[in-house]
Amino acid sequence: MAAALATVAKAKDGSHVSLDGVRDKNVGQLRKLNAAMFPVKYQEKYYSDAMAAGEYTKLAFYSDVHVGAVACRLEREAGSGGGSKVYIMTLGVLAPYRRLGIGSLLLQHVLGQCEAEGSGVREVYLHVQTNNEEAIAFYKHFGFAITDTIKNYYRRIQPPDCYVLSRSFGPTSSFQPNGTAAAAGQ
Amino acid sequence: MGTKLPPKEANQFKLIVKSYETKQYKKGLKAADAILKKFPDHGETLAMKGLIMNCMEKKTQAYELVRKGLKFDLSSHVCWHVYGLLYRSDREYRDAIKCYLNALRIDPQNQQILKDLSLLQVQMRDTAGFVESRRQLLTFKPNHRANWLAFAVANHINGRLDVAAKILSAYEGTQEDESVPDGEKYEHSEMLLYKVSLLAEAGKHKEALDELSKKQARIVDKLGVREQRAELLHLVGSNEEARSEYEALLAINPDNYKYYEGLQACMGLKPASDGTYTPEQLQRLSDLFQGLQEKYPKSAAAKRIPLDFLQGEEFEAALKPHVRRFIRKGIPSLFSDLDPLYDQPGKADIMDRVFTEMLDSIRSSGKLPPLSDTSAEEDKENPSVLLWLLYLMAQHLDRRGKVEEALEIVNEAITHTPTLMDAYLVKARILERAGDFTAAARLADEARSLDLADRYLNSEAVNHMLKADQVDLAEKTAALFTKHGDQHENLFDMQCMWYELASGDSYMRQKNYGRALKNYLALHKHYNDMVEDQFDFHTYCLRKMTLRAYVATLRWEDHLHAFPFFCQGAVGAINCYVALHDRPVVKAEAKEEEKGRMSVAEKKRLQKEQRRKKEEEEAAAAAAAAAAAAAAAKAAKKGGSAKPVDTDPDGVKLTEVEDKLSEASKHLSLLLEHAGSELSSLQVAFEVFSRKKKLLLCLQVVRRLLKEHPEAPLTHSCLVRFFLTVRDLPPAESESDKIVRAVIDAERADLGLSDDLAASLQQRNEAFLEAHKDSLPHRAAAAAAMAMLDTGLKARAIAVIHESEEPLAKSGGALAEGVGEWSLDECAAVLRLLQEGPLADEAGAQRWKDRCAQRFPYSQHFKGSKSSVKAPPPVKDEGEEEGDEGSAAGSAARANGVVE
């Protein structure tokens, strides 16, 4: 029942990991995954943004089982500069499949897309709850830095504040990551 | 030839024929009318005009004209030929054959007619006639290869295999040149292989083998030659050679089960008729497969086959590595692969032990247990190993009848990895078997929502919806995978029979007989089409020389009506007709009477209302027709052919046929001819014949039941019902009645029933009850018979049912030890018995229902405490999100009720 899969890589334990895009036909899988991983209920807008982001939104299949996903939103910047930003809405892997490098593969895929020639991406950023140290370390490992703190960003969870983590892309920026995976919600 | 036409008209006649052949029908008609103006009685012209009319879809005029033409010119082969063509176009092949034979009597040299005739003969399996026609065609043109082959095939299907083989040899004798032209190599090779298969079928294995060796160089189907040779070598007893041939074939394809079977056969390792092996055989088999597994490490067959014959510890030792290979790879079909093993005594218990051990070990240490005491400890497994083990375990527990445990495990799998569709399907299947169809449908739809592009998930969901009688929802869901969403048309065109059968069954349960019939008759139509479709192969296969496949196809067609889908459809249709026959008809008189009692004002109001209702209905019908016509026009514009509009979408007209039982008989005759020993066939046969009061036919059914299913509850009930009817017959009056009675009397004595039918039937019934007192269906049949024989015994009969005790499974079987053996269907049948018929009793039915609700807590039918019906469908926040997965079915699916 697994779809034709695009990208292929290996997890830390040597298992086969492949990535597949999200379409209106299989978006149900992303919904299922989010319902299992995040306490937040995502609106329709989230899913249409995720699908519109094309290569920046991926489902991860571990030995042909769907276990994780990264969902991004593309933000075109106003003005004549023409650059764009990628906002990582969610990145997560189901609990039994963590620590296998699947989250890293998903993030690397997004970063790779940003770095690709002609992508026009200037910056990739995301929000992390201030107490989620594991996630912060994970992103820092991939060259992200805390650039801002937003008070009372979350409504129903404690603490309600979040950091903005971001990474810019210049013509010379390149980073070889080797990180660990963790679930990190918006 | 009939009346001679003058030259001018004769030319015009030729023009008609030419216009017909080139499909210029209007031109042909014009020419025909011109001749008929002068010679209104010219038979052949009349016939030709009729033929053209037939092509213009004017059937009645066509038949009139042709018959008139024939009347004027009985001695014209043209008229007879045309008449035959007319019948053929209406698929009235028997009548067509008669016409062709008449035409040939007049013009015996006409090869075209002879050819047409031969096609009809083989289609109708008039094999003797077919042989004769092909013989004549061969004598006309002996230099045509096709004529020789067709003559051989004709003899073959007429059962004269020796003659067929001789014909082929004779034909080869006429070929002086040994070389075959390049373009005909395949045809020639097929002919040679056909001859070998003919000889083999005739039991001349040695000759077949010689022929094969002699012609081998010119046979292009190299694999076919080797397979044929291996089989023949075994048949002539050269087992050593056969063995090395099979070993060579296995080297080509080590996953072909036929090769393994062949290899076993020539090594004397075939099981006895009851499927068992001697200890000596087992040892050799075990060694053989050990060697094969080493030789073909990638062959799945070499690993799976030993699980069938190994027993006890050896089975366990082979099972362990087999299961872990599948589990580690995450292959969802593992359970289906193992499923047949549950029916072998003792294996289910071993599997239970092995699976539990694996699951416990993974849970406690993340590792699988070592394969044996001496083998090294295993490495830590991937997280998906636990998932697939849970997935296997859930199906295993369900198969063993442990519903609660199975649900617990499958829920654990879903929590572990909520994105795995297969787990939802397994949960749906567990609940369906436990009787909660609504929850099953909801789960299958949930699985479907995870991948809307997956046809398998769609079909599974549709199937579950139909089981839950959500026909409209099922229709919409199935339509997502049809062309242009033109649901029914498209599913019908694709001969989607599982859908039609499930849909018919659902309508039947809802007592919507019109729609049920529509579905069942669609199945009937598909099978008719398949029979019809073979017509094209008679010419095609002979031309293309695919003779082996052709003969196989003819034989397959002969058994078409024994296929399960056909039988189930026919049984469904017959049950519909029987139910319609039994349904009390609202008499028009009664209505009139009621009217008479009404006041004038009331009458007027009623009339007005009726008129308004009628107008509304007509308007609605007109609107629907217009819409349908518009759609058809649109489709036609798009380039698709316009479909005739279905004027009876609800099958109302089907339910209004005058003689329902004779409609049923049409289906019954095919059913009895092809699947006459099936219980379901005999059951409907008895229902139809008893309603038609056909005593001898009923008796025949009873006798057949006694022969094929002597111990079945149905046999007992039919026997009792039949002789009860006989007991209550008025004295025979007519001569024929007396003969019938004499036959029945003889039969009665033969069955050991005395003159005093009531007493001896009761005796028989008591004996039956005593002999089968531990089986619920048998007790129920005996109870029903008891009440039928003597209404005074009804209370005792009901007690017989209530006193039934459910046997518990013993260890060693497919069911786990201690699990109750009653099935939902059996218990539901008993409930029906207590609801209608001689045992109908409200309190008794309720008591049984309550008992079953306890026994089957998930059953909707018995309103079990855990079934969807009992609890109000909770509004889950899961569904609160707007948007519905882009499907037509999304919102409705939520009304399906609880899952857990």
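Listed by position, the helices (runs of 4 or more DSSP H) contained in segment B:322-439 that have at least 2 residues being open to solvent by 20 Å² or more (accessible area, probe 1.4 Å), within 14 Å of chain A (Cβ to nearest Cβ) and within 30 Å of B:Gln854 (Cα to Cα) are B:403-416. None of B:Asp756, B:Asp750, B:Asp774 is within 24 Å of B:Leu831 (Cβ to Cβ) and exposed (fewer than 13 other Cβ atoms within 10 Å of the Cβ) except B:Asp774.
In this structure, does B:Leu85 turn out to be under 28 Å from B:Val122 (Cα atoms), open to solvent by less than 30 Å² (accessible area, probe 1.4 Å) and in contact (Cβ under 8 Å) with a residue 12 or more places away in the chain? Against the criterion (under 28 Å from B:Val122 (Cα atoms), open to solvent by less than 30 Å² (accessible area, probe 1.4 Å) and in contact (Cβ under 8 Å) with a residue 12 or more places away in the chain), B:Leu85 does not qualify.
Selection over segment A:87-103 of residues that are away from every other protein chain (no Cβ under 14 Å) and open to solvent by 10 Å² or more (accessible area, probe 1.4 Å) gives a count of 0. Taking B:Ser118, is it surrounded by 16 or more Cβ atoms within 10 Å (Cβ to Cβ) and either within 19 Å of B:His538 (Cβ to Cβ) or over 36 Å from the mean Cα position of the chain (by Cα) (or both)? Considered against the rule, which asks whether it is surrounded by 16 or more Cβ atoms within 10 Å (Cβ to Cβ) and either within 19 Å of B:His538 (Cβ to Cβ) or over 36 Å from the mean Cα position of the chain (by Cα) (or both), B:Ser118 comes out as yes. Going by the conditions given, is B:Met530 of a type outside the set (S, T, N, Q) and either at positive phi or modelled with pLDDT of 90 or more (or both)? Taking the combined requirement at face value, the residue satisfies it. Taking (1) open to solvent by 20 Å² or more (accessible area, probe 1.4 Å); (2) within 11 Å of chain A (Cβ to nearest Cβ); (3) outside any helix (DSSP H, G or I) in turn, B:Tyr456 satisfies each apart from (3). Here B:Arg509, B:Arg515, B:Arg448, B:Arg442 are screened, and the one residue that is open to solvent by less than 50 Å² (accessible area, probe 1.4 Å), charged (D, E, K, R) and away from chain A (no Cβ under 14 Å) is B:Arg442.
Among the criteria (1) more than 30 Å from B:Leu390 (Cβ to Cβ); (2) open to solvent by 60 Å² or more (accessible area, probe 1.4 Å); (3) in a helix (DSSP H, G or I), the one B:Ala317 does not fulfil is (1).
Determine whether B:Arg229 is part of a helix (DSSP H, G or I) and open to solvent by 50 Å² or more (accessible area, probe 1.4 Å). Taking the combined requirement at face value, the residue does not satisfy it. Restricting the first member to segment B:806-832 and to residues that are under 20 Å from B:Gly435 (Cα atoms), and the second to residues that are basic (Lys, Arg) and open to solvent by less than 40 Å² (accessible area, probe 1.4 Å), the beta-carbon pairs closer than 7 Å and six or more apart or on different chains are B:Ala814/B:Arg400; B:Leu815/B:Arg400; B:Ala816/B:Arg400; B:Val819/B:Arg400. Under the condition of being more than 9 Å from chain B (Cβ to nearest Cβ) and not aliphatic (A, V, I, L, M), the residues counted in segment A:15-47 number 9. In segment B:519-541, the qualifying residues are those that are surrounded by fewer than 18 Cβ atoms within 10 Å (Cβ to Cβ) and hydrophobic (A, V, I, L, M, F, W, C), and the one that is nearest to B:Val471 (Cα to Cα) is B:Met530.
Of the residues screened, B:Lys18 is one that is among the charged types (D, E, K, R), closer than 23 Å to B:Asp107 by Cβ and modelled with pLDDT of 85 or more. Scanning segment B:694-742 for residues that are more than 19 Å from B:His778 (Cβ to Cβ), open to solvent by 70 Å² or more (accessible area, probe 1.4 Å) and outside any helix (DSSP H, G or I) turns up B:Lys694, B:Asp728, B:Pro730, B:Pro731, B:Glu733.
Within segment B:88-115, the only residue that satisfies the criterion of being among the hydroxyl-bearing types (Ser, Thr, Tyr) and open to solvent by 40 Å² or more (accessible area, probe 1.4 Å) is B:Ser89.
Selection of segment A:60-83 for residues being modelled with pLDDT under 80 and either out of contact with any Gly (no Cβ under 9 Å at 6 or more places or on another chain) or open to solvent by 40 Å² or more (accessible area, probe 1.4 Å) (or both) yields A:Glu77, A:Ala78, A:Gly79, A:Ser80, A:Gly81, A:Gly82. Counting the residues of segment A:63-86 that are within 14 Å of another protein chain (Cβ to nearest Cβ) and more than 17 Å from A:Gly21 (Cβ to Cβ) gives 2.
The values are calculated or read from the model by the stated rules, or taken from the named source; none is laboratory data. This is a predicted model, so every value here is computed, not measured. No Cβ is skipped: glycine too gets one built from the backbone with ideal geometry, and neighbour counts run over all protein chains shown. For the accessible areas, the whole protein counts, side chains as well, though only heavy atoms, and no ligand, DNA or RNA atoms are used. Shrake-Rupley method; radii C 1.70, N 1.55, O 1.52, S 1.80 Å.
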